[in-house]
Structures are given as C-alpha cells and as structure tokens.
1. I'm trying to understand the selection: among the residues of the stretch B:63-111, which are aromatic (Phe, Trp, Tyr) and either within 16 Å of the chain's Cα centre (by Cα) or within 14 Å of DNA strand D (Cβ to nearest atom) (or both)?
2. Which members of the stretch A:113-150 meet the condition of being acidic (Asp, Glu) and more than 11 Å from chain B (Cβ to nearest Cβ)?
3. Which numbered condition trips up residue A:189, out of (1) part of a loop (DSSP other than H, G, I, E, B); (2) surrounded by 18 or more Cβ atoms within 10 Å (Cβ to Cβ)?
4. Just to be sure before I move on: is residue B:319 out of contact with any His (no Cβ under 9 Å at 6 or more places or on another chain), assigned to a helix (DSSP H, G or I) and surrounded by fewer than 24 Cβ atoms within 10 Å (Cβ to Cβ) in the structure I sent?
5. Just to be sure I understand, how many residues within the stretch B:203-227 are in a helix (DSSP H, G or I), over 26 Å from the mean Cα position of the chain (by Cα) and not acidic (Asp, Glu)?
6. Is it the case, given these coordinates, that residue B:63 is modelled with pLDDT under 90, surrounded by 14 or more Cβ atoms within 10 Å (Cβ to Cβ) and within 15 Å of DNA strand C (Cβ to nearest atom)?
7. Taking the residues in the stretch A:43-62 that are within 14 Å of DNA strand D (Cβ to nearest atom) and polar (S, T, N, Q) as candidates, determine which candidate is farthest from residue B:117 (Cα to Cα).
8. Which pairs have Cβ atoms under 8 Å, sit 6 or more apart or on different chains, and link a residue in the stretch B:272-288 that is surrounded by 15 or more Cβ atoms within 10 Å (Cβ to Cβ) and among the aromatic types (Phe, Trp, Tyr) to one that is part of a loop (DSSP other than H, G, I, E, B) and at pLDDT 95 or above?
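The values are calculated or read from the model by the stated rules, or taken from the named source; none is laboratory data. None of the values given here were measured: they were computed from a predicted structure. Please note: Cβ atoms are built from the backbone with ideal geometry, for glycine as well, and neighbour counts cover all protein chains shown.
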Protein chains: 2
Amino acid sequence: MAGQREMTSARVTLRDVARAADVHPGTASRALNAETRSLVNEETAQRVLRAAEQLGYLPNPIARGLKTNRSYTIGVLVPDITNPLFPPILRGIEDRLEEDGYTPLMANTDNDRERARIDWQTMRARQVDGIITATADRTDPIAEEITDSGLPLVLVNRRVDDPAVRAATPDDRAGMRLAVEHLVSLGHHRIAHIGGPLEFSSGHDRHEGFLEAMREGGLEPDPDLVIISKAFTELEGATACRELLDRGGGATAIAASNDLIALGCYDVFLERSIDCPGQLSVAGFNDMPFADRFQPPLTTVRIRPYEVGVAAAELMLEALRDPDSEPRQVQLRPELVVRESTGPPPG
Amino acid sequence: MAGQREMTSARVTLRDVARAADVHPGTASRALNAETRSLVNEETAQRVLRAAEQLGYLPNPIARGLKTNRSYTIGVLVPDITNPLFPPILRGIEDRLEEDGYTPLMANTDNDRERARIDWQTMRARQVDGIITATADRTDPIAEEITDSGLPLVLVNRRVDDPAVRAATPDDRAGMRLAVEHLVSLGHHRIAHIGGPLEFSSGHDRHEGFLEAMREGGLEPDPDLVIISKAFTELEGATACRELLDRGGGATAIAASNDLIALGCYDVFLERSIDCPGQLSVAGFNDMPFADRFQPPLTTVRIRPYEVGVAAAELMLEALRDPDSEPRQVQLRPELVVRESTGPPPG
DNA sequence: TTGTACGCGTTATCAC
DNA sequence: GTGATAACGCGTACAA
C-alpha cells in the first residue's frame, strides 16, 4: 500500500501535513517550498515531504495567491480560437508557461475592443500575473491600458506600433518579401497584392514588405494592383479579388496577405474559369493546416505559430522575473513553401 | 471626471470601498453581493455601489474562493487543441459557462493518461469547481477518479461506458448510419469500414452504427472489409486503407470513422491512381473545416461541435446547481453533408 | 439594519 | 532550525 495515493475527498491542507510530520505548519511550508527548504533541517524536510506525499497533499494556489499576490496564472486573449492560426500559438504559450509553473487562462474576444476590455478586466480581477494578447491592433488603447494597470503585457502574432511593448510575431515583412521574390523570380512583372486590414500590424507589415520587395525587384507597384481587404477572411478575399480583376490591371500573380484571402481568390477563379497557376498565380501567408490539400496546393509562407507562442511565453516570463527589464520584440523568421499555386506568367 | 474609471495600479479592496461609503466592510460585502443585498438598507446599498463603481473596485475571486471554497472556474481537458475538432467545442463551453460567471481553464493532454492525471490534479489544486474532459476512453479510470474526488464531471465528445457519467456527444451511431445509408442508396453492396480505435466511444459507436446500418440495408458486413485503424489520423487512415486494398475484398465504398482517416484514403488513391468516386467512394465524419476544399470535396457527417460544447457546459451547470441531480447524457443529432467523394459504384 | 469577529490555507516576520 | 503569530481579502455567523 505504500506509495498508494490517498483518495480522500476532503482536501488535505498544510496543517494536516504538519500534524502528520509532527512539525509546525510554518516549518512544513518552508520544507515544501523549494526556495525556503534550505532553511530547514534536511531530515525534518524529508519527513514533511514524505507526509505530504502520503497524504496526497496539493498546495492550495488560491490561499498562496492571497498571501503572495500572485496567482501563477497568465491571461491569454485571442480573437477566436476557431481560427486555425491560434491553437498552435496557444499550445506554444501553454507548454512554455507550464515549465515555469504558470497556467494560461484563455478568452476569445472576437476582435471586439469592448469585449477585450471586459475580458482583461475579468482576468485582472482573477489576479492574473500578466496578459498575453493576440487581439491588439496597431493603435489599440488596450496596450496602454494594461500597461498602466501595472500588469506585464506581451503581444503575440500582432504588434502595436509602440516598440516599448513586448511582442512576439513572425517577421511579416520578410515573409511577404519571400513570397514576392519568388513571384519575381518566376518572371512575373504585374504582381498584385491583396492586403489584410492595415490596422493590424500583420496586414500593415506584409503590405510594406510587398512594396519593398517590388521596388527591390525593379518593379514599381501599380496602385491599381493593390487592394486592401476588410478582413482576413475567405469572403473578403473573394470580394477583393473580384474588384482586382474588374479593374483589369492585367495582373499575372497575386501576393495575398494570408491563406484565407488566397482561398477567396480560388473561389473567384472557379467563378470566372481562371486557371491557376496557368493564367494567374497566387501565394498565401501562414501555411495554415491543409493548405497543401487545397486545389491547387497553395504556395505560402510558413510562420511556425507554435514557436511564436513559445517566444511570447518567454517574453512574459522575462517580464515576470524582472519587470524593469528592457522590453524586447521578437520576430521569427518565416520560410517560403512552394507548392502548385504559383508558376511562370502566361504567354 | 465623474464616471471616469480610476486607473490606480494599487488594487482597491473591499475595505477601501467600505471606507469611501462610510460603512463597515461587512455591510459593503453584503451590498455588493446580489444575494445578500436585500439585507441592507436600499440607500446604503446604493452608496456602496457608487463608491465601488467610482473606485473601480473588482472583487477578488481568490479571496472569495478561499472563503467559499469555490473558484468559479471549470477545468477543461482536451487531447490537443490543435486538432480542429476541439476549438469549436471549447468555444461552446466557454460561451455557455461565461453566461453563468464561470471561466474555463484548459489543458492539453495529448491523449496521455498520465498527463491527464497530472492535469486534473493540478486543476483540482487550483480549486476548479468541476471538470469537463474530452480525453476519456471508454474504460478510462480517470472518470471514476474524478468522480470519487467529489468533483462534478462531464464528458464531452467521447463517452465512457458507464451511463451514470454525464456526457455530451454527437450521436455517433446515428451519424455513421446516415453515411452508410447514403452509400447503400447509391447502390453500393461492398461497403468497407475503416474504424477509429474502439477504446474511444467515438470509434466504437461509429463501428456499431456501421454494422447496424449494413444489416438494415440487407448487407452482411464482410470482416475482410472492416479495419480498425490505430488512431484518428491521416497517417493511420492511409495505412489502414492500404491494407484494405491489399486484401482485395472488392470494396466499392469506404465509410471512414472520421475525416482525417478519409484524407488518408485520398493519399492512397493518389499513390495507386484510384479514381474517387469513380472507382471508390469515401465518406468521412465530423465535417472538419475545409473538408469542402479537399479534392474531391468530402462527403461527411456534420456534428456541430459548438453545440456539443454548449451542451457539455449546460450539463456542468446542472451538476453545479444540484450535485444530486440525475446524470443526463446528451447526444446531438448529426447531419449528412453530401459532396463529391461519393457516387454510384463502378460498372 | 448594521457592526464585530473569526476563519478560509498560506506565507512572512518575528521570536526563541 | 523551529515555533508562534499576523496578515492577505473576503464572507458570514452572531451580536447589537
């Protein structure tokens, strides 16, 4: 029976352990806490640990938090966990935080500022030790609000313009340049861009990356070939693509700001019987799950969302260890994945 | 400045509110708590509420929880949030719980029993008021363990054999029958089944549904045409499909236990130049995101995971309100979505 | 109707 | 090295 865990439904507290080990609760607390264990006699400590093990003692983080003003909990705000971009980010955050004993507390904001406010206030009430958010747009007051409240803040996936705010994102600019360079190298001259909303750093930076890469490729971007869609969705992507084609600018390739927008383009190709990549090439961004199963398999930019999540968690741990440490911004290097939606221009 | 929220970084406590309203903390507590408000003078209550508002008071759930032994927090265990099946379930759970003031606390177990144990123990330590888990297999001791610990438990997506455990799942049996009936109605006689692991109720029930529907369609299931794959994955689906074909049973259609398995079949079709649905039809299960974008678009069974999540949350709230209420099991009606991976048998 | 006093489970600060 | 005690913020008997 030794080693058998007790399955008492009544919670066993520090007092119970202390009593079993025949020491004072204060001593038991020190013995159980790795940082203070050195203050207590080795032998006594062992006795306490054994008693704790035997009774199946689990320290009560609530009581601990009341005393220490820490909850070992980090609030994580995402627009919508249903968007396949976020689950791997969340896992990265969770896995890394867990190593240091922190637990994430997630909420979906649906890209609604007011909802985001409510959510982070709720989290604040729940005594989270910090907030990681993927919901901020470039000028979002939420960043300032949270910082002003004294809570450590880390942005993930999207940055805010202020470089003093910690952030872990893919290098959106470099990623889009990869895509455009690829199209240029295939021989395209009339390259269009369907951007995401410029309020988001992702949309903004990819747009900039597009312009840069074009110029470096010796191509002056044609304003007729640049459309900013209203959202990173298949629907808005399709709408933007239709307008692009209706303008008749003669594009032979499209650099889309994300995979869903690219998918919207696919829909329009079907509507208008356009051959991809024969008549028109498309590149996406994110390499979302199953991008390789689309028809045609989508050429896109892979961003490693899991690693982005891990990086965000690391920035948070940094801020937690030393709140006055210099805020860093991490940008992860993306990678081009060439599949079958891009080819040489027609003719 | 009235109505302006204070942005003090020092937390404001019940005491501060009481002082501002010139009452004792006890009174303030009663005024702030909806259930005890009636015990206090209407006017005084208003004064307290105004003070709380003005100071931006947020009750500390940690302190409250210490006193009341409730955290208003529900632990949610999923195998892997990265599996597209789970995000909508999670959102359903979150949205419904939120209405009643509860917050979910999620953890990924990677289908590892030991990890699940650790996770729920951690959650127990964090004083969650209940556990919703999507990780249980049919004979999983975790269900008994959690119940024994006195924590309300609800299973989601997967059941456990014991009907005394609350569960919200799709009606897997009925769903698979829908798929098989569809294939029968197309004229197929040699219908194969690639099942998921029978340890999971999902794999088990769909397998049963397959057998039932076959017999009702007047077809005796051929053991040669039934293969149970080792996991609900594309890879294992492909492996199973290869074995099925190698057996040479002459199947003209496959009822796959989920969409990923069906996708594995697609891979094998490509390897062996099999035309789908010309030579071989396939039906999946779940209607996962982008199932309509596969090549060919996948005929599958839609299960409404969001609603499954909502139902699970509702069962939990029920258990919370009345721990002795009769445990219910909810099975949501699935729906067949016919696309292009199924057609009449060849010849 | 309101004030008082205690306790929830822990940790920190003292003494010893 | 260990024990006693107070305190974290709140809820709630009980007293007034």
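1. Answer for the stretch B:63-111, where residues must be aromatic (Phe, Trp, Tyr) and either within 16 Å of the chain's Cα centre (by Cα) or within 14 Å of DNA strand D (Cβ to nearest atom) (or both): B:72, B:86.
2. From the stretch A:113-150, those acidic (Asp, Glu) are A:114, A:119, A:129, A:137, A:140, A:144-145, A:148; that's our starting set.
Answer for the stretch A:113-150, where residues must be acidic (Asp, Glu) and more than 11 Å from chain B (Cβ to nearest Cβ): A:114, A:129, A:137, A:140.
3. (2)
4. yes
5. 4
6. For residue B:63, the condition - modelled with pLDDT under 90, surrounded by 14 or more Cβ atoms within 10 Å (Cβ to Cβ) and within 15 Å of DNA strand C (Cβ to nearest atom) - is met.
7. A:44
8. Close Cβ pairs (under 8 Å, with a partner that is part of a loop (DSSP other than H, G, I, E, B) and at pLDDT 95 or above) amount to B:285/B:257; B:285/B:258; B:285/B:303.
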